[in-house]
Amino acid sequence: MFMARVLVYIYTKVMKNSKKIIVLIITAVVIVTVGVAVFVLRSPKDGPARVVTNPDSGPNNDANNAQRPAASSTVVTLRPGLVIDRGVHDTSNPADLWVLVSKTRPLTDTGYTPAIALPGVKVRTDKSKEEQSVGTAIVADTQALFAAAVTAGYDFMLSSGYRSSTLQQTYYSNYVAQSGEQAANKFSAKPGQSEHQTGLAFDMNLADKQCYLDTCLGDLPAGKWLAAHAHAYGFIIRYPLGKEDITGYQYEPWHVRYVGAELAKALYESGLTLDEAVALIDAVPAATR
Ligand SMILES: [Zn+2]
């Protein structure tokens with residue numbers, strides 16, 4: 001090493017010099033200073049925790065992406081080549097955009113009431129103002145989704161948005177009375193088990209009620225458009241076809257759930273349900289900052 005040679009040279013030259021101790025001290029100080037400077041300059045800087053999806057992830061990029069090293073301990077791999085950073089998300093917090101509410105993960109705060117607002121889109125007018133509303137956090141993207149649908153030629157209405165625990169109990173009791181408890185449990189949720197109580201989910205049906213709350217909506221051009229484009233606005237089809245055993249609910253092509261654009265895109269690309277993704281997300285410790 002160059003610095004070591006310099007040190008030896010200086011040392012041999014000044015061994016018999018009366019000032020050798022002073023020279024040695026100065027040399028040592030210089031070496032330590034250079035070492036500290038190099039260490040500081042080469043240390044990685046901690047950026048803010050954020051959600052990241054590989055911008056170029058796609059069906060043909062798996063091989064390339066799989067070779068990338070994990071950026072940090074908070075990275076979650078949804079499938080090879082498709083990673084998200086769980087960051088500071090808490091999937092048990094009903095105010096968190098990534099919250100999981102299901103039959104096996106009911107709301108921990110049964111009295112939770114989000115801030116809500118009318119989103120300014122076409123709504124089912126015979127519902128209460130409360131049920132025509134969504135969480136304030138998703139108003140803008142709800143408007144963007146409906147506007148994009150109109151541009152594409154589809155006339156949707158928001159048929160059921162926020163539901164209080166009391167309203168959810170009323171719906172559930174009515175369905176049980178009509179169809180029996182076993183059947184009701186496949187398409188209706190008990191209070192505390194419905195995403196509608198978070199203000200992050202709503203039912204989106206055609207204004208003319210074609211295939212209203214019917215799985216045939218998914219076969220219509222409008223339903224196909226919704227399934228193909230919702231993620232661009234931060235929404236997912238929460239209860240997909242063929243995933244009934246995982247979500248606990250029948251296929252509901254009208255029930256959309258907001259999770260934010262990054263996770264929505266990741267779920268769309270991976271084909272995973274929110275239930276499956278949250279299992280992976282929860283297995284990784286949240287970032288601390
Ligand atoms: Zn719904």
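All conditions but one from (1) within 14 Å of the ligand (Cβ to nearest atom); (2) farther than 20 Å from residue 107 by Cβ apply to residue 141; the one that does not is (1).
Here residue 250 clears all of (1) away from the ligand (no atom under 16 Å from the Cβ); (2) touching a residue at least 60 places away in the same chain (Cβ under 8 Å); (3) surrounded by fewer than 18 Cβ atoms within 10 Å (Cβ to Cβ) except the condition numbered (1).
Flag: residue 249 does not match the condition of being touching a helix residue (DSSP H, G or I) at 6+ places or on another chain (Cβ under 7 Å), among the hydroxyl-bearing types (Ser, Thr, Tyr) and outside any loop (DSSP other than H, G, I, E, B). Within region 228-238, being within 16 Å of the ligand (Cβ to nearest atom) and under 17 Å from residue 155 (Cβ atoms) holds for one residue alone: 230. Answer yes or no as to whether residue 235 is touching a residue at least 60 places away in the same chain (Cβ under 8 Å) and aromatic (Phe, Trp, Tyr). Here the answer is yes, as residue 235 does meet what is asked.
With respect to the conditions (1) surrounded by fewer than 17 Cβ atoms within 10 Å (Cβ to Cβ); (2) under 30 Å from residue 280 (Cα atoms); (3) more than 16 Å from the ligand (Cβ to nearest atom), residue 126 falls short on a single one, namely (2).
Scanning region 163-192 for residues that are in contact (Cβ under 8 Å) with a residue 40 or more places away in the chain and within 12 Å of the ligand (Cβ to nearest atom) returns 187, 189.
Against the numbered list (1) hydroxyl-bearing (Ser, Thr, Tyr); (2) surrounded by fewer than 13 Cβ atoms within 10 Å (Cβ to Cβ); (3) touching a strand residue (DSSP E or B) at 6+ places or on another chain (Cβ under 6 Å), residue 133 comes up short only at (2). Within the option set 248, 242, 218, 223, being at pLDDT below 95, in the same structural domain as residue 266 (by TED's automatic domain parsing) and not acidic (Asp, Glu) holds for one residue only, 248. Among the residues of region 174-200, just one is at pLDDT 95 or above and among the hydroxyl-bearing types (Ser, Thr, Tyr), namely 198.
Among the residues of region 175-214, the ones that are among the hydroxyl-bearing types (Ser, Thr, Tyr), within 18 Å of residue 257 (Cβ to Cβ) and part of a helix (DSSP H, G or I) come to 1 in all.
Consider region 194-208 and keep the residues that are hydrophobic (A, V, I, L, M, F, W, C) and surrounded by 24 or more Cβ atoms within 10 Å (Cβ to Cβ). The one that is farthest from the ligand (Cβ to nearest atom) is 200. So for region 147-162 (the condition being in the same structural domain as residue 228 (by TED's automatic domain parsing), surrounded by fewer than 18 Cβ atoms within 10 Å (Cβ to Cβ) and under 24 Å from residue 193 (Cβ atoms)), does at least one residue qualify? The answer is no; no qualifying residue exists.
The values are calculated or read from the model by the stated rules, or taken from the named source; none is laboratory data. If you're wondering where the values come from, they're calculated on a predicted model, not measured in any experiment. Using ideal geometry, Cβ is built from the backbone for each residue, glycine included, and neighbour counts are taken over all protein chains shown.
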